[in-house]
Each structure stands twice: as C-alpha cells, then as structure tokens.
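Beneath this line is the structure, given in structure tokens, with notes to follow.
The values are calculated or read from the model by the stated rules, or taken from the named source; none is laboratory data. The structure displayed is predicted, hence computed values, not measured ones. Every residue, glycine as well, gets a Cβ built from its backbone with ideal geometry; the counts of neighbours run over all protein chains shown. What goes into the accessible areas is simple: the full protein's heavy atoms, side chains included, and nothing from ligands, DNA or RNA. Shrake-Rupley method; radii C 1.70, N 1.55, O 1.52, S 1.80 Å.
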Amino acid sequence: MLSKKYNPIESEKKWQDYWQENNIYKYDFESSKETYSIDTPPPTISGSLHIGHIFSYTQAEIIARFQRMQGENVFYPFGFDDNGLPTERLVEKEENIRAANLPRSQFIEKCLKTTKKYEEEFKNLWLSMGFSVDWTLQYETINPRVRKISQKAFLDMARSGKAYIKESPVLWCTTCQTSIAQAELESTDIETTFNYITFLTGGEELTVATTRPELLYGCVCLFINPEDKRYAKYIGKTALVPLYNYEIPILSDEKVSLDKGTGVVMCATFGDTTDVEWYEKHKLPYRKVIEADGRIGEDVPFIGGMKVISARERIIELLKENNLLIKSEVMAHTVSTHERCGKPIEIIPSKQWYIDILSEKERYLKAADEINWYPSSMKNRYITWVENLKWDWCISRQRYFGIPFPLWYCSKCGKPVFAKDEELPINPMEAKPKSACSCGSIDFIPETAVFDTWATSSLTPLINLKWNTDKDLTSKLLPMGLRTQAHEIIRTWTFYTIVRSLFHTGKLPWKDIMICGFVMAKKGEKISKSKNNASSSPKELIVNHSADVMRYWAAGARLGTDTMFSEDDLKISKRFITKLWNAAKFCIMQLQDYDKTRPGVLLPIDKWIIERIKFLEGTAAEYLNQYEIGLAKHEIDEFFWNDFCDDYLEIVKDRLYKPEIHGEKEKLSGQYALYNVLLEILKLYAIYVPHITEEIYQSYYKDFEKPISIHKMEWNMKSDIKNETILSFGENIKMIISEVRKYKSERNLSLKDKISKLIIRIPENQSANLLKTLKDIKACTWAEEIEINYSDNSSIEII
Ligand SMILES: [Zn+2]
Ligand SMILES: [Zn+2]
C-alpha cells in the first residue's frame, strides 16, 4: 500500500542510493545485446551550474532511459572539461591571483584543486537529478589517460602533416593574451568614428576613411577598385602616409567597395581579416603596431606604449592639429570579439600550430548528410559554418592550464622534435627528448603552449571508447549512437569532433545528433551566471521542488527550441506528481486481493484500455526515436489524465467495489487490466520521473515482478497496430460518459444524481461489446434504464 502522501525528499535520495548500490545503470561489456551509446557534453568547469544545465542534460538523460527500456545495452559515460581558459579564469577569481604572476607549476596545482571541488559538486547535482549515468566511465579532460589520448592524436596529425606549425597572422586576444580560433569569435556592434584622412600623392590630396587611425604607422599600401574611374590614374603611383611621412604604393583590388567611404582604403597590418587577405595575396610587408599585450609598440612614434583607445584619440588630435582630418562620422560598426572575455580581438603574426581543415571542407560537408540531425534544421547551421571557414584551426594557446604539446624545438636548427608514443603523457617543460636532433644537437627548447580545449574535447568519442588502448572499443562502438549538445557549439564541438573522428578512425563520430535549446530568462536572453539572471540555483530548485518535478518540466520543451523558465511553471509538474501518486494509490488499493491471475474472459472496456496503452507505447516510442521527448510526454499525459483517470477508472470503479452486483469474474477482469495498465503507465513515466515510479514499483509490483528496479524493465507491450474495433468502441464509451457528465453539469446536478433513461445510439457491430459493458455504464452514469438503438453515427439522449 502507498502512504497517504508522497515524500519526494526522502524517496529520491533513497532510490538514488539504491541505483548506485545495485549498479542499475552500469554498461554491460559482456552482454550480447545491442549497444546504444551516448556522447554527452563534458561541462566546462567555469563556475556554478544553472537551470540551463538541468534543462539540456535532462533531455539526454531521458533518451538514455528510453533506450534502456527498449532493451538496449546503454553506454552512457560522463566527463568534465576541466582545463583551458574558462577554468583558469575561475581559479584566478576564486583565489584572487593572476596566472601570469605565479610559477607555472604552482598555478596548475591550484587549478587541479579547484576543478576537483567543482567536479564533486557537479557529480552530486547530477546524482540528485537521478541521472542514469554509468559513473565508472567518468573522464576528465586533464586526467593522464585523456592527456595521453590527446597527445597521441596530435602526434598522429603532426607526423602526417595534418597538423602543422606556421608563422602567420593569427586572431589574438590581447586581454587573454592568447591566440584563438575563428570559432571563438563573436560579433559585437559598437559605436565608432569613421575618420576621413588626407594622404598626399604627387602633390594631390587623396582622402581615405578609416575606423582605425591608430594603425597609420602600420599602413603598407592604399587600395583602389580597378573599376573605379575616379581614381584609375593613381594606380601604380605612391602616396605619403600622413604624420609618419613614408612612401607606400597605391594598388588595385576588386575587394575595395565602390560605395563605402571614399573608394580609397588603407591596408594596415592588421586592422581586420581583409588586411590579412591582402597581405598574403599582394605579398605586402609587415609593419608592427600592436603588441601581444594590446599596447602600441614602444618604437611607434607619438603613441608608443599607449593602449589602443588612447592611441586612437591621440592620433585624431594630431591629425586635427596638422589639418589632415577632413571630418569624423559617428557610425555603428561590427567588430569581432573574443567569446570568453567579450573584448575586441587583434590580428598579430605569430608562430602557432594549426590543424588543416580548409583542404577537406567537401568531406566535412558530406559528413553532414551522413549524420541524422534532430531537429533537421540544425544541419544548416553546420553547413553554413563549414562553407564560410576562412582559417585553418589554430590549436595552440599561450596559456597555462591545459594539455602541453608533446614536443621540443632543436635550439640549433629549429626543427620540432616530437615525443615518442610510449613516453606519453609527457610535459616537455619537465622532460627532455631521449635522443639527439638529426643535426646532432642535444640542446632543445620545449614548446610552452598548450592545446586549445576543443583540441581535446573534440576527441570525446575516442576518449569514451578508450581509443588506442588495449580496451579500445572504437571498432565495436564507433560511430556512437548519439551526440547531444546545445546549438551554440555546433561550429566548435560538432564540427571539430567530425574532423577528428574522420582523421583518426576514418569513421563518423556518431549516427545521430540531438540539439537542445536554451533556457531563457526573458525573451531572447540566455540564462547565465555571469549575467546574474539565473533565479535560484539548481540545487535549491531540487531541494524546494524535487528532482522529478524539475525533470518533468525540462521534458516539456520541443526539441531544439529555447524555453523560458519561471518557478510558476513547476506547478504543472507538481500537480502531475500528486495525480500519479493518488491514481496509483487508488489502483493498488483495488488490487489488495489480486494475485496476478489471468481472467478467463476480459470485458471489452478492460480490453480497450489495454489496447489503448499498447498503441500509446508504440506512438511514444516513435516520437522518442526522433528525440521528440516533449511530444512523447504529451501523448502519455493525454492518456493518463483523460483515458485512464477520467474515464477508465470512473467506469471500472463500481465493478471493483461491488462484485456482489457485477460478479467476481468481472471484478477479476478489471483487476487484471488495472494491474497491467498501471504498470505500463509507470514504465512510460519512468524515463521522465524515475523516482516516484520506482517508489510505486517497489511498494507494490516488486512482490510480483522479477526485476529489482522498474528501470530494469522494458516497454514490451508496444504496438503500432491499431485494433480499430475495440479502440472505436472505447471512444464511444468515453463519449457516452462525457455527454452524461456535461448534461449533469449544465443542469447543476451532482454526478451521482440519477437520470431516468439513457438512450445510446451506436453502430450495430458494437452491440455485443456494449451489452457486456451496460452494468459499468449504469453504475457510472446513474442511469435507471438504458435503451440501445443502432446508428452509424454514435450519440446519446437523456430523458
Ligand atoms: Zn579574451
Ligand atoms: Zn637540430
């Protein structure tokens, strides 16, 4: 028997411990069953969790449970992405230190300590949400096992030339003082001024408009569109750079727009990516203005040592004083910023490691067609990204807490010397190459850069499947079944994982990819801790409302669409939990004298509710196979609230209470249906609300069923064949009940008020079933007399 009231706080903890103790979610390496594997995002260790995490991770978790209940051997590991810039920032903030001011090893020590603490917190939160992760498969992207995989993968790429080192202009964040990749850029609109500046050419004045006058000292030429008749005569001549008075060539290029600015543009090293393109295409010289720390180089006249903004102001002043500034126009301008810090990026030449991605764009585009995208619209975001790639993937970062490059440079000939596979993982700053360079030198300089975090997290399928170890599962389980993730990281995580998997294994990383939406605080505003718009912490929400309530809410959204959260929304979930408990309590009370006997005959209405749930199971499974968690839940809810609670329980109640009127066999028929349908309802809901369903299962069903947990059961009734005869009969009975209810409520009658005569019109082929249901209908409608007429259009009349 169930207690009067459900106590989620007590119950949830109890079953979470039970699941862990009994290894309910452990992947079975020996099983001959099909494996369904999930590549789930390792959360970045960058601070506290928020409601958005609960939202997206719950959706993947529900899929894991669904697949398990379809009989799959589910491989559901979990990892943490615990190195890189976001983690460094967190540690700097928590410890009130600056990485740059500490010995490297000391800073890394602090990072390791802090990440441990956060990982513990994350894991506890996940456990308290009832996530069915197999924690024996846990990984952290900084741990030695992963370091080894990541370094080995890099070496494979470097040896084959897929990864290469090159001195060239890179995207550079002067705030974080590291190179960054194209995928880490964001666009921000700022207000700036367009400055019209006078250049001199052979005594004539040429006006050039620029937003970055502080780069005048880096100006290497002027460009004019070859079609532009106004300026054709200047092409091939030279001009004098204002203030600095050195000569530069005037060249032509189709990329100069005819209607923006004056039609004459300056090319400086480097104002933007077009400057880089021109620099490479026209083999222009490099003139350094900005240093890695964001200041103007000391040797730049007038502005040396200044920060960019003050340098710009100073140059404008100077131009004005010298009558070289014609006008300044305020305008909105889009600049590229670094997604981690929001500051505008610069382009600075430096030596960095790259992974070649541009030469295989076609292969990566083809991969998009070979993977199933849910929702399918997300595929376009990937395609657009790949089509617009302009840079190879820069994977070296001038930071501290990350996986080091396993290599040194020969101090004599400069050649990179790679570590041997058997030495991995290795820190080149603490070890030396075992043999001399091919030039004979034994003097080496270690590479001090670390891998971009994506260079490691792009390997999650290989990390999960223990690639390149004696337990390597890649030949058996790659492609994995599913990748789940948010849409903002399609250009990074999705794309890079495809690149790496194809290179290292020749296979796709996964068959399906499921993209979740965000949780919004206000319309269009993503919840994040940094914006301080996250109301309560997930921990508080779970304590206040229970994990099942949070999960039921998270399951409601349509796949891939953003959703809004307010605590008010949880009322619906709470009402559901209460309803499920009360309905189960009622059913189990009616089953006290039932011993799982199968009745000789099943009454038609009992047959109907069983057929109904069989078909529902089929429909829900179809939605869930398309990752439509919310649509499946909607179907199950409709059945549970309407067909089961409102109609079936009302119809069968009297039969269960009064066998002396309805008959013992008839009661048994009802008990059989009740037992089986409630069990199936619990199984259907088990993927959404695993705690309360387990509590009910353990309180009653466990004595009759073999599995030690409801989560070891399967949806074995599911059917996609519609038994039309019985289903349409059931619909008619529902119609009769609801019409009578409507009749009574319109007349302010109580449901138990008698009606003298109920005339039922139904198709003749349903008469046999109807006759067997008359006692139930009479009891439920309080009709004193029932008259049956045949008609193809079903209806009733009350007298
Ligand atoms: Zn930055
Ligand atoms: Zn050498």
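Somewhere in the range 21-43, is a residue closer than 21 Å to Met550 by Cα, modelled with pLDDT under 95, out of contact with any Phe, Trp or Tyr (no Cβ under 8 Å at 6 or more places or on another chain) and part of a loop (DSSP other than H, G, I, E, B)?
For the range 21-43, residues closer than 21 Å to Met550 by Cα, modelled with pLDDT under 95, out of contact with any Phe, Trp or Tyr (no Cβ under 8 Å at 6 or more places or on another chain) and part of a loop (DSSP other than H, G, I, E, B): absent.
Restricting attention to the range 263-274, report how many residues are open to solvent by 10 Å² or more (accessible area, probe 1.4 Å) and not in a loop (DSSP other than H, G, I, E, B).
The number of residues fulfilling the criteria is 4.
Confirm whether Gly202 is crowded, with 19+ Cβ neighbours inside 10 Å and farther than 30 Å from Cys176 by Cβ.
no
Quick one: which strands (runs of 3 or more DSSP E) sit completely within the range 341-448 and have at least 1 residues that are exposed (fewer than 15 other Cβ atoms within 10 Å of the Cβ) and not polar (S, T, N, Q)?
Strands (runs of 3 or more DSSP E) meeting the threshold: 346-355, 444-446.
Of the residues in the range 320-340, how many are farther than 17 Å from Cys173 by Cβ and surrounded by 13 or more Cβ atoms within 10 Å (Cβ to Cβ)?
5
For the range 287-329, what are the residues that are out of contact with any helix residue (DSSP H, G or I) (no Cβ under 8 Å at 6 or more places or on another chain), part of a loop (DSSP other than H, G, I, E, B) and small (Gly, Ala, Ser)?
Listed by number, the residues that qualify are Ala292, Gly297, Gly304, Gly305.
Take the residues of the range 83-105 that are polar (S, T, N, Q) and assigned to a helix (DSSP H, G or I): which is surrounded by the most Cβ atoms within 10 Å (Cβ to Cβ)?
Thr87
Only one residue in Lys471, Lys511, Lys466, Lys529 is outside any helix (DSSP H, G or I), modelled with pLDDT of 95 or more and either out of contact with any Asp or Glu (no Cβ under 6 Å at 6 or more places or on another chain) or within 16 Å of ligand 1 (Cβ to nearest atom) (or both), so which one is that?
So the residue among Lys471, Lys511, Lys466, Lys529 that is outside any helix (DSSP H, G or I), modelled with pLDDT of 95 or more and either out of contact with any Asp or Glu (no Cβ under 6 Å at 6 or more places or on another chain) or within 16 Å of ligand 1 (Cβ to nearest atom) (or both) is Lys511.
Would you tally the residues in the range 711-737 being surrounded by fewer than 18 Cβ atoms within 10 Å (Cβ to Cβ), among the polar types (S, T, N, Q) and touching a residue at least 60 places away in the same chain (Cβ under 8 Å)?
2
Kindly indicate whether Leu215 is within 16 Å of ligand 1 (Cβ to nearest atom) and not hydroxyl-bearing (Ser, Thr, Tyr).
no
As an exercise: evaluate Lys772 against (1) in contact (Cβ under 8 Å) with a residue 40 or more places away in the chain; (2) out of contact with any Cys (no Cβ under 9 Å at 6 or more places or on another chain); (3) closer than 30 Å to Lys614 by Cα; (4) open to solvent by less than 90 Å² (accessible area, probe 1.4 Å) and give the number of the one condition it does not meet.
It is condition (4) that Lys772 fails.
In this structure, does Val519 turn out to be open to solvent by less than 10 Å² (accessible area, probe 1.4 Å) and more than 30 Å from Ser411 (Cα to Cα)?
yes
Taking the criterion of being assigned to a helix (DSSP H, G or I) and in contact (Cβ under 8 Å) with a residue 12 or more places away in the chain, would at least one residue in the range 233-252 satisfy it?
Yes.
I want to confirm something. Restricting to the range 153-196 and keeping residues that are within 16 Å of ligand 1 (Cβ to nearest atom) and acidic (Asp, Glu), which single residue is modelled with the lowest pLDDT?
The residue in question is Glu184.
Which one of Ala367, Ala431 is among the aliphatic types (A, V, I, L, M) and either over 30 Å from Ala99 (Cα atoms) or within 16 Å of ligand 2 (Cβ to nearest atom) (or both)?
After applying the criteria, what remains is Ala367.
On the basis of being open to solvent by 50 Å² or more (accessible area, probe 1.4 Å) and over 21 Å from Lys327 (Cα atoms), does Lys260 make the cut?
Here the answer is no, as Lys260 does not meet what is asked.
Scanning for something within 15 Å of ligand 2 (Cβ to nearest atom), in contact with a helix residue (DSSP H, G or I) (Cβ under 9 Å, 6 or more places away or on another chain) and in contact (Cβ under 8 Å) with a residue 40 or more places away in the chain, does the range 373-380 turn up at least one residue?
No, the range 373-380 contains no residue that is within 15 Å of ligand 2 (Cβ to nearest atom), in contact with a helix residue (DSSP H, G or I) (Cβ under 9 Å, 6 or more places away or on another chain) and in contact (Cβ under 8 Å) with a residue 40 or more places away in the chain.
Inspect all residues belonging to the range 319-335 and state whether any of them is closer than 30 Å to Thr198 by Cβ, within 16 Å of ligand 1 (Cβ to nearest atom), touching a residue at least 24 places away in the same chain (Cβ under 8 Å) and polar (S, T, N, Q).
There is no residue in the range 319-335 that is closer than 30 Å to Thr198 by Cβ, within 16 Å of ligand 1 (Cβ to nearest atom), touching a residue at least 24 places away in the same chain (Cβ under 8 Å) and polar (S, T, N, Q).
Would you confirm whether or not the range 44-55 contains a residue that is part of a loop (DSSP other than H, G, I, E, B), hydroxyl-bearing (Ser, Thr, Tyr) and under 28 Å from Pro707 (Cα atoms)?
Scanning the range 44-55 turns up no residue that is part of a loop (DSSP other than H, G, I, E, B), hydroxyl-bearing (Ser, Thr, Tyr) and under 28 Å from Pro707 (Cα atoms).
Checking Thr453 against (1) among the hydroxyl-bearing types (Ser, Thr, Tyr); (2) more than 16 Å from ligand 1 (Cβ to nearest atom); (3) under 25 Å from Cys394 (Cα atoms); (4) open to solvent by less than 50 Å² (accessible area, probe 1.4 Å), which single condition isn't satisfied?
With (1) among the hydroxyl-bearing types (Ser, Thr, Tyr); (2) more than 16 Å from ligand 1 (Cβ to nearest atom); (3) under 25 Å from Cys394 (Cα atoms); (4) open to solvent by less than 50 Å² (accessible area, probe 1.4 Å) applied to Thr453, the lone miss is (2).
Looking at (1) aliphatic (A, V, I, L, M); (2) more than 10 Å from ligand 2 (Cβ to nearest atom); (3) at pLDDT below 95, find the lone condition where Ala436 falls short.
The number of the failed condition is (2).
Quick one: in the range 130-150, which of the residues that are in a loop (DSSP other than H, G, I, E, B) and touching a residue at least 60 places away in the same chain (Cβ under 8 Å) is surrounded by the fewest Cβ atoms within 10 Å (Cβ to Cβ)?
Gln138
Could you figure out which of (1) more than 16 Å from Phe66 (Cβ to Cβ); (2) crowded, with 23+ Cβ neighbours inside 10 Å isn't true of Val689?
All conditions pass for Val689, except number (1).
Residues that are touching a residue at least 60 places away in the same chain (Cβ under 8 Å), closer than 30 Å to Val450 by Cβ and of a type in the set (A, V, I, L, M): which strands (runs of 3 or more DSSP E) entirely in the range 162-227 hold 2 or more of them?
Of the strands (runs of 3 or more DSSP E) lying wholly inside the range 162-227, those with at least 2 residues that are touching a residue at least 60 places away in the same chain (Cβ under 8 Å), closer than 30 Å to Val450 by Cβ and of a type in the set (A, V, I, L, M) span 163-173.
State whether the residues of the range 176-185 include one that is touching a strand residue (DSSP E or B) at 6+ places or on another chain (Cβ under 9 Å), open to solvent by 20 Å² or more (accessible area, probe 1.4 Å) and within 30 Å of Arg98 (Cα to Cα).
yes
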